[in-house]
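Single-structure report; data block below.
The values are calculated or read from the model by the stated rules, or taken from the named source; none is laboratory data. Keep in mind that what you see is a predicted model, and the values were worked out from it rather than measured. Here the Cβ positions follow ideal geometry from the backbone for every residue, glycine too, while neighbour counts run over all protein chains shown. Protein only, heavy atoms only, side chains kept; ligands, DNA and RNA dropped before computing areas. Shrake-Rupley method; radii C 1.70, N 1.55, O 1.52, S 1.80 Å.
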Amino acid sequence: LLIGFTNYMYYVFSHKEELKLLMDRLADLQIEIAKEAVRRGAGCIWLANDFAFNDGPFISPELLWELDFQYEKRIVDEVHKLGVPVVLHACGNQRATIDMVVELGIDALHAMQPSASNDIRQIKSRYGKKISLIGNVDISRLLPFGTPWEVDQAVKGLVQDVGRDGGYVLTTCNGIMEDVPVANAITMHLACEKYGHYPIGG
């Protein structure tokens with residue numbers, strides 16, 4: 001955002017060292033902001049880093065680690081020294097980067113955008129002992145265009161398959177937009193309460 005997306009893509013190859021210097025300074029700033037937030041009572045730090053399209057990361061995973069993730073990890077490590085957990089919000093397809101995301105040491109990952117081919121059940125099975133997952137309720141088709149019954153059943157499946165053993169917060173993969181019928185938004189919340197408190201099929 002500071003230099004513009006197109007410029008960033010050029011600078012990855014033409015001004016790599018300058019980008020590293022920028023990221024180093026940004027990491028220092030984020031750490032100071034986190035310290036102040038915790039001093040004022042924050043019990044968790046949320047980081048946001050949208051580094052992928054629906055079909056994969058903007059740049060190669062190797063470059064992503066060199067120019068981005070290594071600095072993100074420093075932020076995560078410093079926040080953990082403050083004694084609070086770290087949640088990372090990341091839209092887009094995580095398949096090529098999920099190992100690195102887990103390696104950052106975050107406590108939870110938000111978005112799990114289903115329209116970007118993120119299989120939350122597979123991710124839960126593979127990484128559920130290392131990180132918690134947040135999100136995955138679809139805002140591209142399910143909530144705006146689905147029926148309340150479809151919303152109810154999607155929530156039921158997530159609670160049963162992903163949330164049964166803990167380590168999952170059911171919510172949307174991003175904000176609820178104006179195209180979402182009120183009935184569907186309410187159904188999502190009621191279904192979460194219903195299936196989250198009573199045995200599936202009981």
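Applying a 10 Å radius around every beta-carbon, put 144-153, 84-93 in order of their mean neighbour count, most first.
Result, highest mean first: 84-93, 144-153.
Quick check on my link table: of 35/73; 73/130; 20/81; 124/156; 35/124; 35/130, which ones sit more than 26 Å apart, alpha carbon to alpha carbon?
The pairs that break the limit, which is 26 Å between Cα atoms, are 35/124.
Can you order the peptides 158-167, 53-62 by their average number of other Cβ atoms within 10 Å per residue, highest first?
158-167, 53-62
Within the stretch 31-185, what percent of beta bridges assigned by DSSP are antiparallel, to the nearest 5?
Just about 10 percent of them are antiparallel.
Could you tell me which of 106, 75, 9 has its Cα farthest along the dipole of the chain towards the positive end, charges placed at Cβ (Lys, Arg +1; Asp, Glu -1), taken about the Cα centre?
The one lying farthest along the dipole's positive direction is 106.
Please give the Cα centre distance for the stretch 91-115 versus the stretch 156-171, rounded to the nearest Å.
After rounding, the separation between the Cα centres reads 17 Å.
Where a ≥ b ≥ c are the square roots of the eigenvalues of the C-alpha gyration tensor, would you call the stretch 1-119 rounded, which needs a/c under 1.5, or, failing that, prolate if a/b is larger than b/c, or oblate?
Oblate, because a/c is 1.5 or more while a/b does not exceed b/c.
Considering only protein heavy atoms and a 1.4 Å probe, what is the carbon-and-sulfur percentage of the accessible area of the chain?
That fraction is 55 percent.
Take peptides 126-133, 65-72 and line them up by average Cβ neighbours within 10 Å, highest first, as a rough protection proxy.
65-72, 126-133
Could you give the length gained by full extension between residue 194 and residue 25, i.e. 0.36 nm per residue of separation minus their alpha carbon distance, to one decimal place?
56.2 nm is the gain from fully extending residue 194 to residue 25.
For the chain, just say rounded, prolate or oblate: build the C-alpha gyration tensor, square-root its eigenvalues into a ≥ b ≥ c, call rounded for a/c under 1.5, and beyond that prolate if a/b exceeds b/c, oblate if not.
Judged from the Cα gyration tensor, the chain comes out prolate (a/c at least 1.5, a/b above b/c).
Give the shape of the stretch 98-202 as rounded, prolate or oblate, defined through the alpha-carbon gyration tensor: a ≥ b ≥ c are the square roots of its eigenvalues, a/c under 1.5 means rounded, and otherwise the shape is prolate if a/b is larger than b/c and oblate if not.
Note, shape of the stretch 98-202 comes out oblate.
For the chain, report the accessible area per residue in Å² (1.4 Å probe, heavy atoms, rounded to an integer).
55 Å²
So between residue 7 and residue 50, what do we pick up on full extension, going 0.36 nm a residue minus the alpha carbon distance?
Taking 0.36 nm per residue and subtracting the Cα distance, the gain is 13.8 nm.
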